[in-house]
Structure formats: C-alpha cells, structure tokens
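J.: Structure provided below as structure tokens; questions to follow.
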Ligand code: THU
C-alpha cells in the first residue's frame, strides 16, 4: 500500500489535467486502487445542461467496474481551480461519491487520500467520511 500511494497520487494529479470543466473551472482527478493492484483513473466531466455532469471519483469507479474490478483498497483525489498547477486546498469527495464508495468498499478498510501535491496529502478511512453508511449489507 505504501509503495502504491506515490503512484496513486501522481495518477490523480495527472488525471486532473483531463478534466472537462468549462462551467465550474474546478478540475478534479482521481486514481482508484483495486484489490488486484490495477489503478483506474478518472476526471470530472461537466455538461452544458449541468446535471448530467460526473465527478472524477465516480468516473474512476465506473471505469473500474466496467473492466471487471469489484474490490478496492484506496482512492486518491486531487481537485482545485483550473488555473492552479496543483490544488491549493484538499478536495473532499461529495456525498454521492461517498455512497458509491460504500457500495464497493469496506468502510473500515478503504482509504481516501486527499491530495494537494506529491508531498502533501491527508488520509482518511471511508467510515470517517461516511459514518453509519447504508451499504449492501444494510438490505
Ligand atoms: N467534483 C468532483 O469531480 N469531485 C469532487 O469530489 C467534488 C466535485 C466536480 C464536480 C464538478 O464538475 C466540479 O467538481 C465542481 O463541483
């Protein structure tokens, strides 16, 4: 996991460059580590009609599921204004993305890395950011 963190952080920062965010000008990149070691990246994709837009985290999750991955260890997220080379603040995942994480990840194990740059990041577990979550086991 420690070895993967550097790669996850770099991949999230790189994915941020692909963000399609002409409306908010807030660019987000994510890198999702699957149990099998694969890394899936994602960026936010906005839309002129606004509501069809998708967050970077969900882009990464949906790409991963589409490639057959179902179990995940960690996600790195880097988000900030388009004119910033690297984000000046930490970008926490929105509630909808946290719920998607809860569908596929163990809340006490899954790590969420909020990234400013390769040397500055904060690490949380999903259960800290989404306590008392409603997941598949709740049904
Ligand atoms: N956004 C993300 O992609 N991930 C987050 O964690 C927060 C917000 C996107 C959605 C929208 O395209 C832009 O950032 C501004 O909210």
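J.: For the chain, what's the relative contact order in percent, using C-alpha pairs closer than 8 Å and at least 6 residues apart?
T.: Details: 296 pairs, mean separation 28.6, N = 139.
Relative contact order here is 21 percent.
J.: What does a probe at residue 109 reach in region 10-44, counting residues whose amide N is under 19 Å from the point 7 Å along Cα→Cβ?
T.: Answer for this model: 32-40.
J.: As a test, work out the antiparallel percent of DSSP beta bridges whose residues both lie in the chain, rounded to the nearest 5. Spell out each step's value before the answer.
T.: Working: 21 of 26 bridges.
If I count the DSSP bridges inside the chain, around 80 percent turn out antiparallel.
J.: Take the alpha carbon gyration tensor of region 48-117, find the square roots of its eigenvalues, order them as a ≥ b ≥ c, and report rounded if a/c is under 1.5; if not, report prolate when a/b exceeds b/c, else oblate.
T.: Details: a/c = 2.00, a/b = 1.32, b/c = 1.52.
Cα axes put region 48-117 in the oblate bin.
J.: Before rounding to the nearest 500, sum -39500 (n - 2.57) across all DSSP H runs of length at least 4 in the chain and divide by the residue total; then give [θ] at 222 nm in deg cm²/dmol. Don't skip to the answer; put the middle values down first.
T.: Details: 4 runs with 40 residues, N = 139.
Per the formula, -8500 deg cm²/dmol.
J.: As a footprinting exposure proxy, order 101, 1 by other Cβ within 10 Å, with the fewest listed first. Could the numbers behind the result be given before it?
T.: Numbers: 101 24, 1 9.
Lowest to highest Cβ neighbour count: 1, 101.
J.: Going out from 0 in 5 Å bins, what whole percent of all Cα-Cα distances in the chain drops into each bin?
T.: The percentages, shortest bin first, are 2, 11, 22, 24, 21, 13, 6, 1, 0.
Where a number appears in this text, it was derived from the coordinates with a stated rule and is not lab data. Note that this is a predicted model, so its numbers are computed, not measured. We place every Cβ from the backbone using ideal geometry, glycine too, and count neighbours over all the protein chains shown.
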